[in-house]
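Visitor: My questions all concern the structure below.
The values are calculated or read from the model by the stated rules, or taken from the named source; none is laboratory data. Being a predicted model, the structure only gives us computed values, none of them experimental. Here the Cβ is made from the backbone with ideal geometry for all residues, glycine too, and neighbour counts use every protein chain on show.
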């Protein structure tokens with residue numbers, strides 16, 4: 001009975017591929033999408049003919065927004081590649097992709113954790129069928145978990161894979177992901193801090209492959225600068241833009257808010273982001289605002305459709321993360337002309353030059369967060385200097401065009417060296 005059950009599951013999975021059989025005839029329309037990618041940077045580069053992107057997330061977090069930016073940038077070129085996307089479930093990411101005419105498939109990546117060998121075999125053949133039909137020139141896995149059952153079919157068919165580390169997991173996790181499996185052709189991570197930590201975790205095995213650092217980027221056409229100093233006649237709008245994971249430091253943000261409100265000045269605090277992991281974080285943070293007696297001054301906005309608009313309503317963005325592989329919100333705020341006050345952790349120190357284009361404070365120093373925010377709110381000259389320098393820093397070092405060009409080079413190296 002187990003065998004016949006396996007056959008039924010396999011038939012159901014493979015039937016979803018029928019729509020893919022005509023993939024060669026699908027013409028992906030090149031849409032510029034309003035993105036300032038700078039086509040001239042890539043004109044001289046050979047863009048891979050077909051790219052299969054595999055996401056471990058179905059909703060938009062930082063990693064998914066970086067993936068979206070990369071896909072938009074590639075599709076904005078004069079000779080865009082044919083792109084397909086695999087997601088673990090229907091959600092905001094698949095809705096966006098389908099609205100853009102991108103061929104999208106749903107495959108529950110979590111099944112790669114299953115102990116049921118029949119399920120694992122079914123997953124293997126699902127991937128094999130996808131690759132055999134689409135025949136991508138290169139595969140991009142947006143997280144190591146997205147590569148686990150894909151690596152063997154890709155090696156069998158001679159298709160190179162690039163694996164992205166968006167955040168750092170435990171050594172035990174990576175041992176499980178790559179246990180008895182060949183490694184992807186290239187590993188990419190988002191900061192030098194992350195690279196150093198990964199090299200320690202992977203020890204000698206990591207050093208047998210290429211590990212590249214490509215900083216995240218921002219579409220400056222969407223995050224346009226709004227260089228205006230806060231007006232004391234209205235509220236000082238201070239916000240945190242992040243999913244509600246504990247590591248993002250929302251508790252420190254609320255304690256900082258309490259300190260600032262003790263001055264009886266007109267502060268309003270904004271929490272932008274949702275509980276992607278559904279850990280009950282929203283109710284915990286709302287309860288904390290009542291305990292701190294600041295609930296009338298804090299607005300929880302949840303998930304927002306347009307992050308740029310959410311940042312635009314703020315005067316200052318605070319990033320009190322306890323760990324941060326890079327800090328995508330930091331460059332989005334800087335691009336928007338909003339000064340950033342952040343803990344000096346992880347990849348954030350590779351973005352901000354403290355006191356020049358942002359302010360870094362010692363990790364855990366909530367009082368310094370508060371005094372830094374207060375200082376910027378009350379010194380319009382310094383506020384505007386920091387805001388303008390931050391915008392220029394992003395334009396010079398973290399633009400979408402630079403990001404897409406670097407990733408294209410890595411794709412081409414993976415193809416040449418497979």
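Visitor: Might you let me know whether region 215-232 holds any residue that is surrounded by fewer than 20 Cβ atoms within 10 Å (Cβ to Cβ), part of a loop (DSSP other than H, G, I, E, B), in contact with a strand residue (DSSP E or B) (Cβ under 9 Å, 6 or more places away or on another chain) and free of Cβ contacts under 8 Å to residues at least 40 places away in the same chain?
Guide: Taking every residue of region 215-232 in turn, none turns out to be surrounded by fewer than 20 Cβ atoms within 10 Å (Cβ to Cβ), part of a loop (DSSP other than H, G, I, E, B), in contact with a strand residue (DSSP E or B) (Cβ under 9 Å, 6 or more places away or on another chain) and free of Cβ contacts under 8 Å to residues at least 40 places away in the same chain.
Visitor: Also, quick follow-up: May I ask you to verify whether residue 418 is closer than 30 Å to residue 186 by Cβ and over 22 Å from the mean Cα position of the chain (by Cα)?
Guide: Numbers: closer than 30 Å to residue 186 by Cβ: yes; over 22 Å from the mean Cα position of the chain (by Cα): yes.
Yes.
Visitor: Can you work out which of the residues in region 346-368 that are assigned to a helix (DSSP H, G or I) and in contact with a strand residue (DSSP E or B) (Cβ under 6 Å, 6 or more places away or on another chain) is surrounded by the fewest Cβ atoms within 10 Å (Cβ to Cβ)?
Guide: So in region 346-368, the residues assigned to a helix (DSSP H, G or I) come out as 346-350, 366-368.
When the remaining residues are screened for being in contact with a strand residue (DSSP E or B) (Cβ under 6 Å, 6 or more places away or on another chain), the result is 348, 368.
On the way: 348: 25, 368: 16.
Checking each candidate, the answer is 368.
Visitor: All but one of (1) modelled with pLDDT under 95; (2) surrounded by fewer than 20 Cβ atoms within 10 Å (Cβ to Cβ) hold for residue 95, so report the exception by its number.
Guide: (1)
Visitor: If you take the residues in region 155-164 that are modelled with pLDDT of 95 or more and outside any loop (DSSP other than H, G, I, E, B), which one is surrounded by the most Cβ atoms within 10 Å (Cβ to Cβ)?
Guide: Within region 155-164, the match that is surrounded by the most Cβ atoms within 10 Å (Cβ to Cβ) is 164.
Visitor: What tally of residues in region 167-214 results from selecting those that are at pLDDT 95 or above and either assigned to a loop (DSSP other than H, G, I, E, B) or not assigned by TED's automatic domain parsing to the domain that holds residue 62 (or both)?
Guide: Of the residues in region 167-214, 3 are at pLDDT 95 or above and either assigned to a loop (DSSP other than H, G, I, E, B) or not assigned by TED's automatic domain parsing to the domain that holds residue 62 (or both).
Visitor: Answer with yes or no whether residue 130 is part of a loop (DSSP other than H, G, I, E, B), more than 24 Å from the chain's Cα centre (by Cα), buried (at least 22 other Cβ atoms within 10 Å of the Cβ) and at negative phi.
Guide: Working: part of a loop (DSSP other than H, G, I, E, B): no; more than 24 Å from the chain's Cα centre (by Cα): yes; buried (at least 22 other Cβ atoms within 10 Å of the Cβ): yes; at negative phi: yes.
No: the conditions fail for residue 130.
Visitor: Is it the case that residue 244 is under 17 Å from residue 342 (Cα atoms), touching a residue at least 40 places away in the same chain (Cβ under 8 Å), in contact with a strand residue (DSSP E or B) (Cβ under 9 Å, 6 or more places away or on another chain) and not in a strand (DSSP E or B)?
Guide: yes
Visitor: Go through region 262-277 and give me each residue that's surrounded by 20 or more Cβ atoms within 10 Å (Cβ to Cβ) and more than 17 Å from residue 311 (Cβ to Cβ).
Guide: 267
Visitor: If you don't mind, there's one more thing I want to ask. Residue by residue through region 388-404, note down the ones that are touching a helix residue (DSSP H, G or I) at 6+ places or on another chain (Cβ under 8 Å) and surrounded by 21 or more Cβ atoms within 10 Å (Cβ to Cβ).
Guide: The answer is 390, 391, 394, 398, 400, 403, 404.
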